[in-house]
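Take a look at the structure below.
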Amino acid sequence: MVIERTDAILRSPDFPKMKFNQFLMAPYFGPGLLPHAQKLWIDELAVGTKRIGPLPAAGP
């Protein structure tokens, strides 16, 4: 695992019904910074409406 955040505030008492309508996860290098196209590979991404992990340990 490279990054895990469990303290991100996605809603607040001021806006209890606020929901996502978009989610973007991508690298940003800025315009003109790199002279060639970039690729981003994401492995084992999990998205859910409830907390997904931690997954149980694999047994023998």
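Just so it is clear, none of the values below were taken in a lab; they were calculated from the coordinates. Keep in mind that what you see is a predicted model, and the values were worked out from it rather than measured. We place every Cβ from the backbone using ideal geometry, glycine too, and count neighbours over all the protein chains shown.
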Check your understanding: Taking the Cα-to-Cβ direction at Ile9 and at Lys50 and moving 7 Å from each Cα, how far apart do the two end points lie in nm?
Key -> 2.7
Review point. In Å, the Kirkwood hydrodynamic radius of the chain over pairs of distinct alpha carbons?
Key: 16.0
Revision key, fill the gap. With +1 at each Lys and Arg Cβ and -1 at each Asp and Glu Cβ, the charge dipole magnitude of the chain around its Cα centre, to the nearest 20 debye, comes out at 260
Study note, to complete from the structure: Between the residues Phe23, Thr6, Gln38, the Cα farthest towards the positive end of the dipole of the chain, that dipole coming from +1 and -1 charges on the beta-carbon of Lys, Arg, Asp and Glu, is from Phe23
**Study point:** Rough spin-label spacing in nm, given labels placed 7 Å along Cα→Cβ, for Trp41 and Gln22
**Key:** 2.8
